[in-house]
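A short write-up of the structure that comes next.
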Amino acid sequence: MDWGLLPVLAVMLPVLAMVLALPLGARGAERMTLAVLPIGLALAVGIAVVVQRTGAPIWHQLGHWAPPLGIAFRADGLSAAMLVTTAMVVAATAIFARAEFGTPPGAAERRQAFAFWPLLLAIWAGINLLLVANDLFTLYVGLELLTFAAMPLVCLDGSRATLEAALRYLMFALLGSVLYLLGVALIYGATGTLDIVLLSQRVTGQPAVVLAIAVMTAGLLAKTALLPLHLWLPPAHAGAPAAGSAILSALVIKGSFILVLRLWFGVMAGQPMPGAAQILAGLGAAAILLGSVAALGQARLKLLVAYSTVAQIGYLFLMFPLLAAVPEASEVAARAWTGGVVQAVSHAFAKAAMFLAAGIMAARFGHDRIADIGGAGRAMPVTLLTFGLAGLSLMGVPPSGGFAAKWLLLSAAIGAGQWWWALVILGGGLLTGGYVYRVLAAGLRAGEKSTMAPAPLAWSRDGVALGLALISVVLGFLPLAAFGLLQVGRLDLAP
């Protein structure tokens, strides 16, 4: 059976839903979004099952035109895992957001609600396109769709502070887009194609291509918010609604990171760049340590979680020097790749849960000052439990998904003879424990708010956040063989 249409449908479903939702108003857009969520999740799971069972990527040539004249879609193990993660996080966030952006029967429609649902669908479409597109210009289209859908989420309330944060985000994003598009032009001029598979066969270390990869990587790092290009991320998260922050941290920054992986291990497959890989990992290590220290010093809960995102992004870039230092088919390379991808997946669930929990606490207390959340353990025990479980995964405490990811990266660092990255991983875990403990200690402390009656459990909010946190932990119980899906298509780019 030909499964090639599955990746196309994964992209077209949220696009069509977004187009149809626009004339329906806020209430209709909400219903349209909720209606397509299970279909999108089923498509993502179907792609993962097919890739797992066949042991090969799914290919589809649009219009049956082969590259370089045509455009090909390719869903490998990395795509499949991230498609499922994206569908689950989008679904959970949508259910959570109904309390804030839903339109009950008989209620007047609001501008924020009308904007939120189409933007959520656009983000979903943009990420899916980034995961399955196989040429650099189509990836650029997905990147721009993702940027211009995510930016308005930052300033939905229309306040001056959030507008300033959104403009700062836009400036960094546009800089990244210009640099990426410049690199695309250089690569096309040097090779005559933008298809990743064809580029992997034609690129032989030409200076123009190396320059293009460097420029494109710099632009993508700005969109990923890797230190020192992270200045847009904390204020953007601080002003966005809880559902918006969850999507931004869990998914949006992963889109540009996946594109960096496609450039380095797709376009430049077989082209050693160990020095550049060490630089990327050095920036990642700085993000882990400095981002964690910054999180420790924050007075506001959402800013603490935002700087935690800056730190956790750094772990994703530790896989680059490990993959560059060993043969591609080695066990060490497989562990480094799996560890990096599992970190991206577990971080998506844990950070979405953490931002949603922070949003629940801020709504209940009327603020997000860490010093003044005393009594949260009594008033909202499930919310604080959610924050703690997500924090355990970010710390890398066994048997969480974060532990599985960090253990794989740590063992790969030892196996590659680069033990210093292992020290960074261990140090980052300790610092993460410090700021997670700070929030839990404040919440469990008796305070003025401790006399509040416990809040009734709302499974549309507390249950969703807790479910995401539990998934981030349960990932650690999976046997290593279960992550074999992530290796499908990593070494063989040909159809």
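For the chain, please report how many Lys pairs fall under 21 Å Cα to Cα, leaving out neighbours fewer than 8 apart on the same chain. Lysine pairs meeting the criterion: 9.
How large is the helix-only mean residue ellipticity at 222 nm for the chain, computed as the sum of -39500 (n - 2.57) over DSSP H runs with n ≥ 4, divided by its residue count, in deg cm²/dmol to the nearest 500?
About -23500 deg cm²/dmol.
Here the range 60-166 was treated as a single set of alpha-carbon atoms; its pair distances binned every 5 Å from 0 give 2, 11, 16, 18, 17, 13, 9, 7, 5, 2, 0 percent. The residue among Gly375, Ala133, Gln298 whose Cα reaches farthest toward the positive pole of the charge dipole of the chain, with charges on the beta-carbon of Lys, Arg, Asp and Glu, is Gly375. Stretching the chain fully between Ala481 and Arg364 yields a gain of 37.9 nm (0.36 nm per residue, less the alpha carbon separation). Under the definition of Cα pairs under 8 Å and six or more residues apart, what whole-number percent is the relative contact order of the range 19-172? In percent, rounded to a whole number, it is 23.
Quick one: check the C-alpha center-to-center distance for the range 318-386 versus the range 90-143, whole angstrom. Cα centroid to Cα centroid, the span is 21 Å. Would you mind calculating the relative contact order of the chain from Cα pairs under 8 angstrom and at least 6 residues apart, reporting the percent as a whole number? Value for the chain: 16 percent.
In terms of the Cα gyration tensor, with a ≥ b ≥ c the square roots of its eigenvalues, is the range 298-495 rounded because a/c is under 1.5, prolate because a/b exceeds b/c, or oblate? Because a/c hits 1.5 or more and a/b exceeds b/c, the range 298-495 counts as prolate. Extending 7 Å from the Cα toward the beta-carbon at both Val45 and Leu62 defines two label points whose distance is 2.9 nm.
Compute, for the range 135-271, the length of the dipole vector about the Cα centre, with Cβ point charges of +1 (Lys, Arg) and -1 (Asp, Glu) only. Units Debye, rounded to 20.
Computed about the Cα centre, the dipole is about 160 debye.
About its Cα centre, what dipole magnitude does the chain give when the only charges are +1 on Lys and Arg Cβ and -1 on Asp and Glu Cβ, stated in debye to the nearest 20?
Using only the charged Cβ atoms, the result is roughly 880 debye.
Take the Cα of Arg445, go 7 Å toward its beta carbon, and the backbone nitrogen atoms of the range 284-307 under 17 Å from that spot belong to 296-302, 304. Taking Cβ atoms as reference points and 13 Å as the exclusive limit, the residues near Met268 contribute a net charge of +1, counting Lys and Arg as +1 and Asp and Glu as -1.
Of the peptides 32-41, 464-473, 243-252, 302-311, how do they stack up when ordered by the mean number of other Cβ atoms within 10 Å, highest first?
243-252, 302-311, 464-473, 32-41
When the chain is described by a simple charge dipole with +1 on each Lys and Arg Cβ and -1 on each Asp and Glu Cβ, the residue from Ile187, Val45, Met32 located farthest towards its positive end is Met32.
Bear in mind that the values in this text are calculations on the coordinates, not laboratory data. Owing to the predicted nature of the structure, the values given are computational and were not obtained by experimental measurement. Cβ sites come from the backbone with ideal geometry, for glycine too, and all protein chains shown count toward neighbours.
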